[in-house]
Amino acid sequence: MNSVRRVNNLDTPKYKRVVLKLSGESLAGDGEFGIDFKMLDYIASEIESIKRFNIELAIVIGGGNIIRGATIEKEGIKRATGDYMGMLATVINALALQDVLEKRGIPTRVQTSIEMKAIAEPYIRRKAIRHLEKGRVVIFAGGTGNPYFTTDMAAALRALEIGADVVLKATKVDGVYERDPVIFTDALKFDTIRFIEVLNKDLKVMDAPAISLCMENSIPIIVFNLKKEGNIEKVILGEKVGTLVEG
Ligand code: GTP
């Protein structure tokens with residue numbers, strides 16, 4: 001899984017500045033909890049493959065592999081408390097990702113929405129943009145810094161703030177389906193779909209506030225399978241991979 005692909009120098013990226021949304025779950029690999037370091041290294045290799053196009057890359061990382069506010073609410077923890085715990089979990093993931101990227105020689109900066117200056121930089125929009133312009137991968141941790149908002153929402157918000165061309169939503173399925181493809185193996189996949197359809201059909205792409213924000217501000221989302229090697233590179237080159245949500 002770690003091979004570095006050779007790309008044609010003539011290949012030109014379709015996007016200049018992108019936000020990649022990585023769920024915490026993706027870091028858990030085939031497990032459900034914690035960080036699978038093989039998976040983390042695979043993700044780093046996929047990211048390395050697109051950095052070679054000189055695109056500007058920001059990553060919003062989730063924390064569901066460690067704690068999920070909405071889930072522990074059922075165990076009697078207040079939702080807001082659980083969400084703050086989840087925000088801390090995203091910082092753990094961000095530091096792990098930073099480390100594996102830097103091991104590959106990719107310069108990174110972690111910014112947190114909640115100040116914890118001994119650990120990472122605080123989120124400062126203009127500084128984040130400066131880092132991107134200097135070729136650093138910026139990892140945004142801490143979600144939006146507010147409970148009741150998901151890290152999908154953080155991805156949409158940060159994408160707008162930094163003027164990204166697209167949000168890349170990395171998932172474990174090949175795109176957006178009419179029904180859950182994990183349960184219904186015959187479910188049909190959309191190549192493209194409009195935001196309003198996603199909302200009306202309640203398709204589980206991102207949560208509704210994140211979709212609405214992208215819709216209102218006309219920033220497309222591409223949903224694709226991160227586990228298929230080379231997919232992210234194809235997405236960046238504009239090849240038809242996953243599902244494009246727009247309109
Ligand atoms: P430029 O000077 O614009 O090129 O950016 P820079 O990030 O290289 O410079 P800066 O002096 O801001 O940061 C140097 C290092 O310190 C980087 O690794 C930053 O991530 C880190 N850093 C900067 N501010 C903070 C902070 O508030 N907290 C923590 N923990 N690290 C910080």
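The values are calculated or read from the model by the stated rules, or taken from the named source; none is laboratory data. Treat the numbers as computed from the prediction; the structure is a model and nothing was measured. We place every Cβ from the backbone using ideal geometry, glycine too, and count neighbours over all the protein chains shown.
Output the residue which, of all residues in the stretch 27-80 that are touching a residue at least 24 places away in the same chain (Cβ under 8 Å) and polar (S, T, N, Q), is nearest to Leu97 (Cα to Cα).
Applying the filter and picking the extreme gives Ser45.
Hey, among the residues in the stretch 191-246 that are closer than 18 Å to Asp174 by Cα and among the hydroxyl-bearing types (Ser, Thr, Tyr), which one's surrounded by the fewest Cβ atoms within 10 Å (Cβ to Cβ)?
Per the criteria, the residue is Thr192.
Could you run through the stretch 155-166 and say how many residues are more than 16 Å from the ligand (Cβ to nearest atom) and either part of a helix (DSSP H, G or I) or more than 21 Å from Lys51 (Cα to Cα) (or both)?
Number of matching residues: 7.
Those residues that are within 10 Å of the ligand (Cβ to nearest atom) and either crowded, with 22+ Cβ neighbours inside 10 Å or assigned to a helix (DSSP H, G or I) (or both), I need them from the stretch 127-137; list them, please.
Passing the criteria: Lys127, Arg130, His131, Glu133.
Considering Gly145, Gly69, Gly163, Gly76, which residue is modelled with pLDDT under 95 and at positive phi?
Just a single option satisfies the conditions, and that option is Gly76.
Anything in the stretch 96-126 that is surrounded by fewer than 14 Cβ atoms within 10 Å (Cβ to Cβ), within 11 Å of the ligand (Cβ to nearest atom) and part of a helix (DSSP H, G or I)? List them, or say none.
Glu102, Arg126
Looking only at the stretch 138-154, count every residue that is more than 13 Å from the ligand (Cβ to nearest atom) and aliphatic (A, V, I, L, M) and tell me the total.
Residues flagged as more than 13 Å from the ligand (Cβ to nearest atom) and aliphatic (A, V, I, L, M) within the stretch 138-154 amount to 2.
Residues that are touching a strand residue (DSSP E or B) at 6+ places or on another chain (Cβ under 7 Å): list the helices (runs of 4 or more DSSP H) wholly contained in the stretch 14-85 that include at least 1 such residues.
24-27, 37-51
For residues that are charged (D, E, K, R) and surrounded by 13 or more Cβ atoms within 10 Å (Cβ to Cβ), scanning just the stretch 70-95, find the one that is farthest from Asn54 (Cα to Cα).
Glu73
Could you tell me which of the residues Thr192, Thr185 is of a type outside the set (A, V, I, L, M) and closer than 28 Å to Gly31 by Cα?
One residue alone meets the criteria, Thr185.
Could you check the stretch 147-186 and list, in sequence order, the residues that are in contact (Cβ under 8 Å) with a residue 12 or more places away in the chain and over 18 Å from Leu20 (Cβ atoms)?
Pro147, Tyr148, Phe149, Tyr177, Glu178, Asp180
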